[in-house]
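Worksheet: the structure to be examined is printed underneath.
The values are calculated or read from the model by the stated rules, or taken from the named source; none is laboratory data. All of these numbers come straight from a predicted model, not from anything done at the bench. As a convention, Cβ positions derive from the backbone with ideal geometry for all residues, glycine included, and neighbour counts pool all protein chains shown. Only protein heavy atoms, including side chains, enter the accessible area calculation; ligands, DNA and RNA are left aside. Shrake-Rupley method; radii C 1.70, N 1.55, O 1.52, S 1.80 Å.
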Amino acid sequence: MRICCFAVIIIFSMVACNIVTLNGGTEGSTRGIVLKQAEASADTSRATAQRPSGRRSGSTTTRSGTGGPSSGSRLTGEEIHTLLALHNRVREDVGVGPLGWSKNLAVYAQQWADHLAATSCRMEHRPRSGKWGQQHGENLLIGTVGYHGVADAVEAWENEKTYYHGQALNASNWHASGHYTQVVWRNTKEIGCAKAECGGRVIVVCNYDPPGNVMGQRPF
């Protein structure tokens, strides 16, 4: 039996922590996803979290990517296509427009993925301020190299739709579906993602602009 589990994380601004033990296995072998730390926070400030539609990441938006330096991260063109296609399918299901690829957001995501891989090799979101201060929405996943990939990340985030029932987000209801609501947030227009490997693990980072999960608002 094949078992696939994931640790997912999304950026907000009101912090909550979970410690999760996950495993990925196939044909009787276990591929180690060991102790993971997942954190989430929610931005309660509409003024700072919802950026004007004219303020973008400063990149050229595309619907597909070739991978490598021109895409902003080390993702392959196929991985970029998969990320866009899966995000936009989920968004189409609820009637919101497609996302475009942002090279600048991908650079931003790659920097954080590399930082995590070179330091803790754990799930940690960007802090609120300082050198690594968060400027965008963020979803993350940690899995096993060769077993989990970018499609698994989007699938894990989409699976939270079971817990979203059309309500405006608030401090008591965002946590269970926050990764999903960021994926389908109507005002988000661009995405950039990256991955890095460390200790047999793969870390997937996606950043979104304008960021979603604004308290008091519905995603669509």
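Of the peptides 188-195, 104-111, 157-164, the ranking by mean beta-carbon count within 10 Å, highest at the top, reads 188-195, 104-111, 157-164.
Consider all pairwise Cα distances in the stretch 103-155 and report the whole-number % of them above 12 Å. Of the Cα pairs, 70 percent sit more than 12 Å apart.
Could you give the distance between the Cα centres of the stretch 144-220 and the stretch 81-111, to the whole Å? When both Cα centres are located, 11 Å separates them. Inter-label distance, R128 to A171: 1.2 nm, where each label sits 7 Å from its Cα along the C-beta direction.
Taking amide H as placed 1.01 Å from N in the peptide plane, the amide H of M123 sits under 5 Å from that of Q37, each at least 5 places away or on another chain.
Highest mean first, the peptides 147-153, 85-91, 125-131 sorted by other C-beta atoms within 10 Å per residue fall in the order 147-153, 85-91, 125-131.
Provide the per residue accessible area, probe 1.4 Å, for the stretch 61-192, rounded to a whole number of square angstrom.
Working: 5470 Å² over 132 residues.
I get 41 Å² per residue for the stretch 61-192.
Cα gyration tensor of the stretch 173-220, axes a ≥ b ≥ c as square roots of the eigenvalues: rounded (a/c below 1.5), prolate (a/b > b/c) or oblate? Oblate is the answer for the stretch 173-220, as a/c is 1.5 or above yet b/c matches or exceeds a/b.
What are the semi-axes of the equivalent ellipsoid for the stretch 109-191, taken as the square roots of 5 times the Cα gyration tensor eigenvalues, largest first, in whole Å? Write out the running numbers ahead of the final one.
Values: eigenvalues 112, 62, 28 Å².
Listed largest to smallest, the semi-axes of the stretch 109-191 are 24, 18, 12 Å.
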